[in-house]
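Heads up, the thing below is written out as structure tokens.
The values are calculated or read from the model by the stated rules, or taken from the named source; none is laboratory data. Keep in mind the model is a prediction, meaning the values are calculated, not measured. All Cβ positions, glycine included, derive from the backbone under ideal geometry; neighbour counts span all protein chains shown.
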Amino acid sequence: MNATPKVVFSRTLQRDPWEETRVVATSAAEEVARLRQQPGMDIVVWRSLSLAQSLMRGHLVDEYRLLVCPVALGTGRPVFPADLSLHEMTLVDSLVYECGVLSLTYQPTAR
């Protein structure tokens, strides 16, 4: 994991102490579009709903991997906000873990 190149999108962080990390303060959608043109592995977004939603708006998501946990919550931020123009998605894989967690993999239907 340490040798994997990482990009952190932040307007306040100047430098990330984690090895192989690059901090980008400009448009995440523009940077991800640029990264997608380069050869290499998949791009994964962790722990940033606002970043994920900006990539959704830019039609830069090739695959959604959703984990549905058996926990009832009262409120929270929706993954797909009402103002987002969504595409239809095709279920390409699903898996139920013994603990009851459901893993769903979707791909946007071709535009």
Unique residue being without any contact (Cβ under 8 Å) to a residue 24 or more places away in the chain, hydrophobic (A, V, I, L, M, F, W, C) and more than 22 Å from residue 42 (Cα to Cα) when the list is 73, 95, 91:
73
Of 79, 71, 7, 24, which residue is surrounded by 11 or more Cβ atoms within 10 Å (Cβ to Cβ) and assigned by TED's automatic domain parsing to the domain that holds residue 106?
79
Might you let me know whether the range 84-96 holds any residue that is touching a Gly at 6+ places or on another chain (Cβ under 8 Å) and assigned to a loop (DSSP other than H, G, I, E, B)?
no
Taking the range 41-59 on its own, how many of its residues are of a type outside the set (Gly, Ala, Ser), part of a loop (DSSP other than H, G, I, E, B) and surrounded by 10 or more Cβ atoms within 10 Å (Cβ to Cβ)?
3
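Okay, residues lined up against (1) surrounded by 10 or more Cβ atoms within 10 Å (Cβ to Cβ); (2) over 16 Å from the mean Cα position of the chain (by Cα):
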residue: 29; (1), (2): yes, no
residue: 32; (1), (2): yes, no
residue: 35; (1), (2): yes, no
residue: 39; (1), (2): no, yes
residue: 61; (1), (2): yes, no
residue: 89; (1), (2): yes, no
residue: 92; (1), (2): yes, yes
residue: 98; (1), (2): no, yes
One residue from 3, 29, 33 being assigned to a loop (DSSP other than H, G, I, E, B) and of a type outside the set (S, T, N, Q):
3
Please enumerate the residues belonging to the range 11-21 that are modelled with pLDDT of 80 or more and either of a type in the set (Asp, Glu) or surrounded by fewer than 12 Cβ atoms within 10 Å (Cβ to Cβ) (or both).
11, 12
